[in-house]
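Working notes, structure below.
Readers should treat all values here as calculations from the given coordinates under stated rules, not as data from a laboratory. What you see is a predicted model, and the numbers here were worked out from it, not measured in a lab. All Cβ positions, even for glycine, are placed from backbone atoms using ideal geometry, and neighbour counts span all protein chains on display.
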Amino acid sequence: MADRLLNTVLQYYQDVHDAARTEQIIGSTAHLLAQLSNPLNLGILTSQLLTARAIWHNPDGLRTSIRIVSIYNTAASRVREQEKEKNAGIGLRGGGGLHCEDWVRAVVKGADDRSRRWQHLLVLTGVLMGMENDDRRSLTAAMRNTLENAIVTAANLALETHVQDGHLAAASIVMALNFAFPLLSEFNRSQVNCNALLPIIVRTITTEEGFRDGQFLEAIARDVSGTLDTVLNWPANSLSFQALQAMDQRPLMGNMGPLSKLAGFAVSQAQDTNAVLSAQQQLLNFTGTLLDLWRRLPFSDVDPALEATKLSSETAQTTWPALWQLLRKLLFGVVAILQAIVSRSLLDPLMINERAAPAISSKSLHILRNLSFISSHGGNNAFQVYTFTYMASIDVISRHPPACEMYLAETRPQAPVMLPSQHCQRTLDLFFLNLAEHLPLSLSTNACENLVLEPALAYISHDGPMTRTIVELFEAAHSAVLSVLSCPQHSPLTVRMAPFYILKLFESFPRHISPRQFRLAFKTVMQIVSPPFPVAAINPDLSETLLELLRHYMANASTEPLPATLDAENGQAGTQQAEDLLSYQSSLALALVDSLPFLPLPIVEDWLATAAQALNEIEDPGLREPVKRRFLDILVSGEMDVERAAIGVNWWGTRGGRESVLLGRTSESLMMSGAIGPERSSHL
C-alpha cells in the first residue's frame, strides 16, 4: 500500500499542478515519510522531493520552504509517537516501524548532491524540530549532536553559495536557522558563520520577505483620498491595505522577535567587524528611505490629538490601527538589532577607538531619529532596549565634541527657525531637542547658542494651540535651555540669557506650562545663578534681581484657581489634585519658596521674611495652605544646607518667622515693639 502510494507521489513530482493538487501531494509526502519502513525508500522520497517540479517550479516564496520544514517536522513527530507507542506495548496498525535514529539516518541520506545545501537545511531543521522540540529528547545525545552539526554545516555551506542560489535561498537559510537556533547547543551555535549570516538577516528583514524597503507606504499614499483640510480616507478594500495585510502574514513577519534575536546573536559573534558596520549601514539606509516615504504620506501630518477629526471612521477603526501595528513591529525589530550593534561597539577595540566610535554612535542616533515618527507615537519608545540604545549612543558621542557639533548641525531645524506646521517635522524636532539636552557639556559656548538655544527658543516662544505633541516640544525646549544655562563653562552665556529666559518663562505661564513645570524651571535657574555656580561670581546680584522680578509679577497676579493644564510628564489633563488647587498668585509664591535653599547667604533672611509676606498675601485659605505646607517642608526637610538652615532657625525663633508663617494674617495694625497701648479708663 505504502509502496504504491510512493510510486504515485513520485510520478506527481514530475509535473506542475494547481494549488489544490499540490497540497494533496505535500500531505501524501508527510504521510509516506511516517509510514515507509524501507530506509532506501525514505532516502529516495527525500531526494525526489527536493528536486520535484511540482514543488519548486513555481515556488510560493518562503511558504514553500516552510512547507518542507513542516513536512519533516510532522513526519518526525509521528515517527517519534509510533516508537513511543511501540515501547509502551500498544499495538500498531500503521507506521513504518523504524526507530527514530534509523529514520533520521535514512532521511538525511536523501539530502544528496542532486539538491542544494539550503534545501538540505530545510529538511534537517524539520527533522530536529520534530524529534527534539518541546524537550522531547527522542534522540541520543550523540545522534542529536550529529544532527545539530549537520544543520550548522549545511547552513555554512549554503551561506557560501546563497548569491548563486538566489533570493529564496537566502531567506530560507534565515528562516530555517531561526527555527533551529533555540534547539542548537551553545557550541554548535558558535560554529555558524555569522560574518556571512548577518548581512543576509538584515537584508531579509528589510527587503521583499520583510518590510519591503518601506514601499508599502508608497502604495498607501496612492490610495489615500482627501486632504488635511477635510478628512483623510484609506479604505479597507484598497489594494494597498490588502497588500499590507498580506505582508504582515508573511512567515518571517510573524517571527520578527526571534529573528531579531538571531540577528543580535550574529552581531555579537561575527568575527569581522566590517560585517557589523555594514549591517548598521543597511539599517541606516533602510530607515532613511522609510522616513522619506513617510513624509510623502498624507498621514504624516496628522497630529495624534487630532486623529478623531482628521481620519474617516473606516480609517480610524480599521486601516490606521493595522498600519501602526506593523510600524511598531518594524520599530522593535530594527531597535533590537541596533541594540546589539551598540553593545558590541562598547567592547570591540575596532569600534570603540577614537576614530570609529563617534561615527558609529552618530549613525545609531540617525537611525533612531529616522524612526522617531514611530517611537514618538503613543509611547512606542518606552521599552528598555530602546532606552539603552539611545542613552549608550549619547554617552559615546558626548565624549567627542566635534561629532556632537556635526550631528546637531546636520539635524537641527532649518534656519530661520520657526514652528513647523507638519507633524512629522515636529517629531524630528522633538528628537533633536531631547538629544540636545544631553550635549551642552560637550559643546563650545558658540555651538550651544547656535545649535541648542536658537532652536529651543523658537518653541518656547510658541503662542498657538497646545496639543500633546506641542506640550512635549515645549518641555523639551525648556529642558534644553536649562541644560545650557546650568553648564559652568557657559557662565557668560548664562548671565546674558537668564533674564531673557525668565521673561519667556513668565510669558508661558500659566497658558502653556503647568505650575509644576514653572516651579521646576524657575528653581533650576535660581540654583544656576546662585553660589557655588560661577555665574554668582560674575554677577552677584542676578539671583536677587530675578526674585524681585518674581515679586513684581506677584503684585498683580490673579487669585483665581488655575484650570487643569496639559502636562507632558503625566500625559493627560488634570494633573493638579483637588487638595493642591493653585492660583497664579499662589504658584508664584511656591516658586519663591522653592528658591530659598539656593539663595546667597546675605539675602536668605530677608527673603524668608518676603516669602512669609507673600504667603500671607494669599486671601483664600485653600490656596494658601499648599504654600504654607511647602514653606514648612523647606524649613524642616533638610533641603537647606547647614548655614542656610541656621539662618532659618534664627529667623523662625527670634525674628518673627514662626508667628508670620503659623499665625498668618492679622487684623491688628502694625505696631512698633514696646509701644504704649490705649490707656485704661475708669467707668466708676
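Side notes on the structure shown:
- Cut-off 15 Å between beta-carbons: net charge of the residues surrounding GLN269, Lys and Arg +1, Asp and Glu -1: 0
- Cα-projected label distance for THR654 with GLN24, points at 7 Å along beta-carbon direction, nm: 10.8
- Partners for LYS628 among lysines (Cα-Cα distance below 26 Å; same-chain residues under 8 apart left out): LYS523
- Going through (i) 233; (ii) 244; (iii) 194, the figure that equals volume of the Cα convex hull per residue in Å³ as computed for the structure here is (ii).
- The stretch 17-38 and the stretch 374-401: distance between their alpha carbon centers, rounded to Å: 51
- Summarising the label geometry, the points placed 7 Å from Cα in the beta-carbon direction at GLN11 and ARG399 lie 7.2 nm from one another.
- GLU619 versus THR153: modelled label distance in nm, points set 7 Å from Cα along the beta carbon direction: 9.3
- Calculated from the alpha-carbon coordinates, the stretch 284-423 shows an Rg and a Dmax of 17.0, 54 Å respectively.
- Separation of the stretch 51-65 from the stretch 325-355 is 35 Å, based on Cα centroids.
- Over the chain, Cα pairs under 8 Å with separation of 6+ residues give a relative contact order of 7 percent.
- Of all aspartates and glutamates in the structure, the ones whose alpha carbon falls short of 17 Å from that of LYS109, not counting any fewer than 8 places away in one chain, are GLU101, GLU148.
- Rounded to two decimals, the Cα-based Rg/Rh of the stretch 597-661, with Kirkwood Rh, is 0.96.
- Compactness of the stretch 193-345 is given as radius of gyration and Dmax, 17.2, 55 Å, from Cα positions.
- Under 28 Å of direct C-alpha separation, and excluding same-chain neighbours fewer than eight residues apart, LYS363 reaches these lysines: LYS261, LYS329.
- Sites ARG295 and ALA609, calculated FRET efficiency, Cβ-Cβ separation with R0 56 Å, nearest 0.05: 0.45
- Once exposed loop GluC sites (Glu not before Pro) are cut out (DSSP; at most 10 other Cβ, 10 Å), longest piece of the chain: 1-353
- 13 Å beta-carbon shell around VAL484, net charge (K/R +1, D/E -1): -2
- Amide hydrogen neighbours beyond the local backbone of LEU311, cut-off 5 Å, H modeled: LEU232
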